[in-house]
Amino acid sequence: MIDIDNMPAGLRDAALKAATACLADVVGVTAVVIATVDGFDLASALRGNQDAARIAAMASSISAISSVVALEAGLGSFKSVTINTDAGFAIVQAVPRADIELVIHVIADHDAILAQAMHRAGVMAKVLAGAPA
Amino acid sequence: MKEYKLLITGTMGAGKTTAIRAISDTAPIVTDVANHDSSVDKARTTVGLDYGVLALDNGDRIRLFGTPGQARFDFLWQILAKNALGLVILVDNARPDPLADLAMFLDGFATHLETLPCVIGVGRTDTHPATTLEHYADALEARGMVFPILPVDVRQRADVISLIDTLLGQIEAGMDMDLQ
């Protein structure tokens with residue numbers, strides 16, 4: 001088991017860099033939290049008073065439930081889920097790694113463009129999937 | 001035919017998933033993932049929900065929902081408790097402070113427990129007898145609560161069925177009182 005307090009520094013740095021850049025680059029994004037699949041926040045970039053730990057736990061639950069839905073429906077492995085609301089959207093994106101599975105949670109308001117945020121979440125996932133441990 | 005929604009909660013490692021697996025008539029739905037919390041010696045942990053179904057001899061059906069155990073998932077506790085008719089709290093007597101564990105769930109479900117029947121299942125009482133069932137009863141009494149407290153081995157179907165039977169008895173009694 002890799003403990004949350006002993007996550008590889010390289011991976012933590014890569015996660016922080018990715019989250020910070022996404023928040024800065026994508027208009028309307030208000031929070032980017034990168035978490036372990038069991039809901040510990042590894043890195044985050046936030047506007048305002050959002051709670052990274054709480055967002056991480058929710059991302060973990062959404063990811064796990066989505067994975068089961070995909071499995072039960074014979075749809076293969078979970079990749080991402082988008083929650084559309086009247087004020088914006090949230091994206092939960094899987095980061096498949098052999099050593100430490102991660103999830104990315106992007107929260108955006110109505111100024112954001114969904115396709116742009118989804119594309120960026122996908123790019124972050126690829127970067128983190130290949131980041132050194 | 002009656003349908004009951006029952007909720008099983010308790011600390012990480014107390015055996016919620018195992019309990020549902022022990023009595024579900026169908027393969028349970030589980031949302032466990034790799035655990036990164038080294039304070040608990042466990043490879044995987046539930047982060048969403050567990051789900052199983054148990055058919056009773058009289059044709060009634062119980063839908064069993066299990067919660068994650070960690071407090072960081074308390075948002076799910078409230079969601080899963082909606083429309084539940086009863087609550088099982090599982091406590092692991094081998095943990096450092098099982099009475100504090102119980103208190104966390106009594107607090108977490110405080111609003112629901114004002115009306116919801118509840119039963120406490122205490123695991124590993126044989127190997128860790130320091131905290132007795134009387135201690136649990138005293139802790140409940142201090143809060144003005146009285147719930148059945150049973151020793152349980154969640155790997156044993158009969159033990160889990162006993163917990164559910166006890167809870168159903170409470171639910172039926174509550175319904176009878178409502179009708180009077």
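Could you check, for the stretch A:81-95, whether at least one of its residues is closer than 21 Å to A:ASP5 by Cβ and under 10 Å from the mean Cα position of the chain (by Cα)?
Step one: list which residues in the stretch A:81-95 are closer than 21 Å to A:ASP5 by Cβ, which gives A:95.
Checking the rest, the ones that are also under 10 Å from the mean Cα position of the chain (by Cα) come to A:95.
Yes: the stretch A:81-95 contains one or more residues that are closer than 21 Å to A:ASP5 by Cβ and under 10 Å from the mean Cα position of the chain (by Cα).
For the stretch B:132-144, check the following and say yes or no: at least one residue is aliphatic (A, V, I, L, M) and assigned to a loop (DSSP other than H, G, I, E, B).
Applying the first criterion (aliphatic (A, V, I, L, M)) to the stretch B:132-144 yields B:133, B:137, B:139-140, B:142.
Then drop every residue that is not assigned to a loop (DSSP other than H, G, I, E, B), which leaves none.
No: the stretch B:132-144 contains no residue that is aliphatic (A, V, I, L, M) and assigned to a loop (DSSP other than H, G, I, E, B).
Does the stretch A:41-63 include one or more residues that are facing another protein chain (nearest Cβ under 8 Å), within 24 Å of A:ASP109 (Cα to Cα) and among the charged types (D, E, K, R)?
The answer is yes; a qualifying residue exists.
Can you name the strands (runs of 3 or more DSSP E) wholly within the stretch B:1-57 that have at least 3 residues being crowded, with 23+ Cβ neighbours inside 10 Å?
B:3-10
Out of the residues in the stretch A:5-23 that are free of Cβ contacts under 8 Å to residues at least 60 places away in the same chain and within 14 Å of chain B (Cβ to nearest Cβ), state the one that is farthest from B:VAL40 (Cα to Cα).
Residue satisfying both the conditions and the ranking: A:ARG12.
So, of the residues in the stretch B:21-40 that are over 23 Å from B:HIS128 (Cβ atoms) and touching a residue at least 40 places away in the same chain (Cβ under 8 Å), which turns out to be farthest from the other protein chains (Cβ to nearest Cβ)?
Among residues in the stretch B:21-40 that are over 23 Å from B:HIS128 (Cβ atoms) and touching a residue at least 40 places away in the same chain (Cβ under 8 Å), the one farthest from the other protein chains (Cβ to nearest Cβ) is B:ILE23.
When the residues of the stretch A:84-111 are filtered to those that are over 21 Å from B:ARG72 (Cα atoms) and among the β-branched types (Val, Ile, Thr), which remaining residue is nearest to the other protein chains (Cβ to nearest Cβ)? If you could, list the steps in order and put the result at the bottom.
Just the residues of the stretch A:84-111 that are over 21 Å from B:ARG72 (Cα atoms), to begin with: A:84-89, A:95-99, A:108-111.
With among the β-branched types (Val, Ile, Thr) added as a condition, the list becomes A:85, A:95.
Details: A:THR85: 16, A:VAL95: 13 Å.
Across the stretch A:84-111, the extreme among qualifying residues is A:VAL95.
May I ask you to list the residues in the stretch A:24-40 that are away from chain B (no Cβ under 14 Å), surrounded by 14 or more Cβ atoms within 10 Å (Cβ to Cβ) and not in a loop (DSSP other than H, G, I, E, B)? Explain how you work it out, then say what you get.
First, the residues of the stretch A:24-40 that are away from chain B (no Cβ under 14 Å): A:24-32.
Those still in the list that are surrounded by 14 or more Cβ atoms within 10 Å (Cβ to Cβ) too: A:26, A:28-32.
Hits for the stretch A:24-40 are A:VAL29, A:THR30, A:ALA31, A:VAL32.
Values quoted throughout were computed directly from the atomic coordinates according to the rules given, and no laboratory measurement underlies them. A quick note: this is a predicted structure, and the numbers were derived from the prediction, not measured. All Cβ positions, even for glycine, are placed from backbone atoms using ideal geometry, and neighbour counts span all protein chains on display.
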